[in-house]
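The values are calculated or read from the model by the stated rules, or taken from the named source; none is laboratory data. From a predicted model like this one, the values you see are computed outputs, not experimental measurements. Cβ atoms come from the backbone with ideal geometry, glycine included; neighbour counts cover every protein chain shown. These accessible areas exclude ligands, DNA and RNA; they are computed on the full protein's heavy atoms, side chains included. Shrake-Rupley method; radii C 1.70, N 1.55, O 1.52, S 1.80 Å.
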Amino acid sequence: MRRAKPNYESLKSLRVALIKQGRAESFQGFQQYVLKAEFSHEKHAFLSLFAFDGIRVSDFEFLIKSEPRIIDSDRVAISWKDHDQRTQRVILSPMTLKSLEHSNWSDIANIPINVLFDEYVPFGGRRDIRHQFKSDQLAWFAESCPGPILLHLSGHVPMTALPDSAYARLLSAKVVTDSSGNDGTDDPSEVISIALSGFLESREDDKNPGLIDELLRICHQDTGLGRSAHKKCVRTVSYARSKGR
Amino acid sequence: MDDANGFDFGLLDFLMRRLTANSQDLLRLMVATLGPLKSNGINIKLILAGLDRAVEAFSKNYESILSNEFLQLKIQIEELYKEVKTIYVGFDLPEVTAYKLKKEFRKWEVLVLLGGEDEVNPSTLEFAGAYYALCLASYKVSQQVHDYIYQLLIGDGDFLSNTAERSLARLIQRAEKAFGGVITYEGAVCSHFHYRNTFADNKQTQAVRDWSTLSEPAFKHDAKELYDKANRLDSYAIAVILASILGLPLHWAVQTPILDNRLENWILGIDVAQGLIKLDINSVFKGRAKVNEITSEAYENSSSILVKPLPRFLHELLIELIKSNHNNPITIGELLNFDVGTNKQTNFNHSRFINSVAKFSIHTCRIDRFLACVLANDYRSITTSKFYYTRISRESVWNASNKLFKEVGWGVAAAFVEGFSAGSMVVPKDSIVEEVFQDLLCKLESLRPPNRASIKNLLVFHDSFCRYNASLAIFCLALRNSNPIPLQSADIRAESRYVLIDDKHSHEEASLQAVAMTNVLRSQLDCWYQHCVCMISRLTKLGYQDKKFMGLLQGVVDRNKTPLFFVSKPSYEVSVASIGKTWSIKLVENFARHFWQNKFNQFGLPSRFSSAHLRHQLSGCLNWDGASDLVLSELIKQISVIQEKVLAEMGIHFVHGLAGKGSSYAKG
């Protein structure tokens, strides 16, 4: 289903509106608490995911289906597909990694989400603690993240991370085969297809799968993806639009 | 009024009877266009002086006015003014405006102000000239325009919204079109920079590379090609390179004067002997704060001429050309023997090249956005107010120029020439700011009341303490000259390291912006809070009755939506200007904005951070919107480090009020 277009006018002041609530301090209090309190390693890692890694409550049920992976010499990331089937990836913070070293991921994944809310009660009050946690976390994002990331985290303009295989290529600057193969995006035509769909979606030109196929064909013909391919693509899109397709 | 002279029907009637038919017509036309005028006690002579002055200022920018309509109108105005002056002298009429004009007479009041003020900003005069000329020639003009001009006249120009600024720019364009003005080089340069800045779209304010600019490799390729051709003395290549640094379309760039041969009025020119481009900022960015002679010693030396170097190779080429040309050429076109019409090279898009310089400097050379725009004379990606506050040092311009020229393969910049920094004339010296705060502190300590002080002593101390607190807030938060100070008790939270301020409502909801609060200011506001707690307790004990004042004190304690700073006497609330009057040295009210802009530059803070703290933003490039990469916590860190250091160096620190030492807002 097509996502409704965001109201860009209201997004101009979203960050200030969140900052104005002044709730980030409560969340920072919770962060201090997670740092200082003595929990089991599993529980600490679990809380740390929300306190320091920017994991949202809605992400957790999808995130526990995948596992953290080392992405280069000193960084560990976890990637998952969210409810919109968008790939998400977070590089874990040192606080979380420290606890992860001494715990099993499966144990962390089994911790019920209510544990988080119970721990948050002293900072958010008892009334609808789930909602309070979410809004306090968002207020903290507003102070700690640049605008585009905030819009992604608030769900207004969600972004999609690169598939694991493409990200691995980006990091190593060479072609790397993803051994797990869970993305299934090694096929160049599929990568182009994803990119084209994203591009056409923003222009609302993605209604016709046949159009995408035609554009793919042009791209494959012109492997350099140079100016001529671009012109052909634009021409094809205009033609399809003029025919109401 | 004098019955013997026939004043019975008011001054207008009196004048009408003595004017020639033409002048009568114009005066009637004025009344019909600008609305009825209650003539008793109004100075018609002053009104006409204002009108004459404004129309004259508008026509000055144009080489010739083609429209007879305008010329006739101008002559008519001059004649009417002359006749009215004669009548005023002949009958010894009173030259006063006896009452404050109501809003419905605003169109007349603008003329009164224009006629009465000694120094009116030239651009305000132009706007007024265009407005009244259009009105009197029966063209339709936006209803609000005279209000905008009024705002400019009473010094509220800082608070004009973007819509207002655009309306004013459009007004000039309309007048230009209606009266068929042929613009002078100086007028064209001013208009070019002004309109490009005012009408820049979002992509341009964001300095995005789009179809109107060249890609990095294409820009480098073209630059290399131009360099090679210029070295072969190709006049077109030299002209394009010059146009790209002058930031002008090619046909205007070739009309740029050579300052070695033309000494009279100029606003942009090339000094061939020294290899410099000189721009008079005062003429291009009008309305900058001027130095009062009495307080000029308080400010850093600054020039209004912005100087930047040519590439050295171009400097040498121009010297060669000027030596070989014995006709004393006045413009670049004459020196190069170049005419745009005959030298059009269709395969080279010089406009795209000229358009790309600022973006190339920002994206490829990683030059700070403000300096990049200065180098390219392309001010679409910055707010012009940056020019009101910044002093641009020659060293920074030369460094940035070297970086740019090296990157595009044009070698190095012409030899460095010593000189004043250009830009703001009212950047206060550190020692002066220090003196102001020391004086406030001394006064405060001399008034500190004993434990059994009377109500009067307590209130006097409170007022003095309020002035210190407000001054520190004005200074650290770089507040604009606003009335009242735009801070409420509810805005200040105990743990917060920032405060949200909207002191220029030009971008609707996005006008509210986060400003970093340094530790000194936070501690000072702690002390203010404790002071208010203590004042309530002591005044209650002494039976003080002023409910409004007690309510304001309580408002601070309860963090209500009441003014944060207030004195003990009506009207209680304080404005930036009223606080400014108490400073031992009369600095401009918004001196902190000039001061911090330059301190931040000295510390090498990127301009996007200084813009965020000083609340400079452009439509499409808002500081805190979804597309902005600014991070609040990062901003607070960057600003606080610099402010703490500067405040410590100047010995400015927080001071306790009535409460004892060790009290804290957070504890409270």
Q) What dipole magnitude, in Debye to the nearest 20, does region B:463-602 give about its Cα centre under +1 on Lys/Arg Cβ and -1 on Asp/Glu Cβ? A) 380 debye
Q) For the charge dipole of the protein assembly as shown, defined by +1 on Lys and Arg C-beta atoms and -1 on Asp and Glu C-beta atoms about the Cα centroid, which residue among A:Leu153, A:Ala168, B:Ser611 has the Cα displaced farthest towards the positive pole? A) A:Leu153
Q: Putting +1 on Lys and Arg Cβ atoms and -1 on Asp and Glu Cβ atoms, find which of B:Ile305, B:Leu658, B:Leu34 reaches farthest to the positive end of the dipole of chain B.
A: B:Leu658
Q: Take the Cβ-Cβ distance between B:Leu29 and A:Ser10 as r, set R0 to 51 Å, and report the resulting FRET efficiency rounded to the nearest 0.05.
A: 0.60
Q: May I ask you to order B:421-428, B:303-310, B:17-24, A:91-98 by the average number of other C-beta atoms within 10 Å around their residues, highest value first?
A: B:421-428, B:303-310, A:91-98, B:17-24
Q) For the residue pair B:Asn519 and B:Glu119, what label-to-label distance in nm results when each label sits 7 Å from Cα along the Cα-to-beta-carbon direction? A) 4.2 nm
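Full extension from B:Ile585 to B:Ile330: what is 0.36 nm times the residue separation minus their Cα-Cα distance, to one decimal in nm?
My answer for the length gained is 87.2 nm.
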Q: Collect residues whose amide H, placed 1.01 Å from N in the peptide plane, falls under 5 Å from the amide H of B:Gln513; neighbours closer than 5 in sequence don't count.
A: B:Ile501, B:Asp502
Q.
Given contacts defined as C-alpha pairs under 8 Å and at least six residues apart, what's the relative contact order of region B:269-415, whole-number percent?
A. 32 percent
Q: Find out how many positive minus negative residues lie around A:Val34, taking Lys and Arg as positive, Asp and Glu as negative, among other residues whose Cβ is under 10 Å from that of A:Val34.
A: +1
**Q.** Within 10 Å of each Cβ in A:142-151, the average number of Cβ atoms from other chains
**A.** 5
Q: Quickly work out the A:Asp128-to-A:Leu171 label distance, labels modelled 7 Å from Cα along the C-beta direction, and quote it in nm with one decimal.
A: 4.0 nm
**Q.** Cα-centred dipole magnitude for the protein assembly as shown, charges only on beta-carbon of K, R (+1) and D, E (-1), debye, nearest 20
**A.** 1140 debye
Q: In debye, nearest 20, what is the charge dipole magnitude of chain B about its Cα centre with +1 on Lys and Arg Cβ and -1 on Asp and Glu Cβ, if you could check?
A: 1900 debye
Q. Can you give the extra length, in nm with one decimal, that the chain gains between B:Thr540 and B:Lys443 once fully stretched, where that is 0.36 nm per residue apart less the Cα-Cα distance?
A. 32.4 nm
Q: Give the accessible surface of chain B per residue, rounded to a whole number of Å², with probe radius 1.4 Å and ligands, DNA and RNA excluded.
A: 42 Å²
Q | Cut-off under 5 Å, modelled amide H: who pairs with B:Gly181 long-range | A | B:Leu66
Q: Would you work out which of B:Ile75, B:Ser361, B:Leu168 lies farthest towards the positive end of the dipole of the protein assembly as shown? Charges go on Cβ: Lys and Arg +1, Asp and Glu -1.
A: B:Leu168
Q) Amide H to amide H under 5 Å from B:Arg391: which residues, 5+ apart in sequence or cross-chain, H placed 1.01 Å off N in plane? A) B:Ser424
**Q.** chymotrypsin sites (Phe, Trp or Tyr not before Pro), loop per DSSP, at most 11 other Cβ atoms within 10 Å - longest free stretch of chain B
**A.** B:212-668
Q: Sketch the reach of a paramagnetic label on B:Phe603 as a point 7 Å from Cα along Cα-to-Cβ, and name the residues of region B:496-517 whose backbone nitrogen lies under 17 Å away.
A: B:497-499, B:515-517
Q: Residues in region B:230-270, backbone N under 17 Å from the label point at B:Asn349 (7 Å along the Cα-to-beta-carbon vector): list them, ranges by number please.
A: B:244, B:249-250
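Averaged over its residues, how many other protein chain Cβ atoms are within 10 Å of peptide A:13-26's Cβ atoms?
5
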Q: Set the Förster radius R0 to 45 Å, insert the Cβ-Cβ distance between B:Glu95 and B:Leu233 as r into 1/(1 + (r/R0)^6), and round the FRET efficiency to 0.05.
A: 0.10
**Q.** Of B:Lys74/B:Lys107; B:Lys82/B:Lys581; B:Lys85/B:Lys286, pairs whose Cα-Cα distance is over 29 Å
**A.** B:Lys82/B:Lys581; B:Lys85/B:Lys286
Q) Short version: ³J(HN,Hα) in whole Hz for each residue of region B:45-59, in order, from phi by Karplus 6.51 cos²θ - 1.76 cosθ + 1.60 (θ = phi - 60°), x for Gly and Pro, what are they? A) 4, 5, 4, 6, 4, x, 5, 4, 5, 5, 5, 4, 4, 5, 6
Q: Could you work out, residue by residue across B:617-628, how many beta carbons of other chains sit within 10 Å of that residue's beta carbon, and then give the average as an integer?
A: 5
Q: Let me know the shape class of region A:1-154, please: from the alpha-carbon gyration tensor, a ≥ b ≥ c as square roots of the eigenvalues, rounded when a/c is under 1.5, otherwise prolate if a/b is greater than b/c, or oblate.
A: oblate
Q: Pull up the DSSP beta bridges for region B:183-315 and report the antiparallel fraction as a percent, rounded to 5.
A: 90 percent
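Over 31 Å between Cα atoms: which of B:Lys45/B:Lys569; A:Lys81/A:Lys134; A:Lys65/B:Lys203; B:Lys278/B:Lys323 fall into that group?
With Cα atoms farther than 31 Å apart: B:Lys45/B:Lys569; A:Lys65/B:Lys203.
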Q.
Modelling each spin label as a point 7 Å along the Cα-to-Cβ direction, I'd like the B:Thr198/B:Glu395 distance in nm, to one decimal.
A. 3.8 nm
Q | Whether chain B is rounded, prolate or oblate, judged on the alpha carbon gyration tensor where a/c under 1.5 counts as rounded | A | oblate
Q | FRET efficiency, 1/(1 + (r/R0)^6) with R0 56 Å, evaluated for B:Phe416 and B:Thr86 via beta carbons | A | 0.45
Q. If packing is taken as the mean number of other Cβ atoms within 10 Å per residue, what is the order of A:107-120, A:151-164, highest first?
A. A:151-164, A:107-120
(Q) Can you work out the Karplus-derived ³J(HN,Hα) for every residue in region B:298-314? Use 6.51 cos²θ - 1.76 cosθ + 1.60 with θ = phi - 60°, whole Hz, and x for glycine or proline. (A) 6, 10, 5, 5, 8, 10, 9, 9, 8, 10, 9, x, 7, x, 4, 4, 6
Q.
Cut-off under 19 Å on the C-alpha distance; same-chain residues fewer than 8 positions from B:Lys177 excluded. Which aspartates and glutamates are left, in chain and number order?
A. B:Glu56, B:Glu63, B:Glu69, B:Glu126, B:Glu165, B:Glu186
Q. Given that compact globular proteins tend to follow 2.2 N^0.38 Å, what is the ratio of the alpha-carbon Rg of region B:246-361 to that value?
A. 1.27
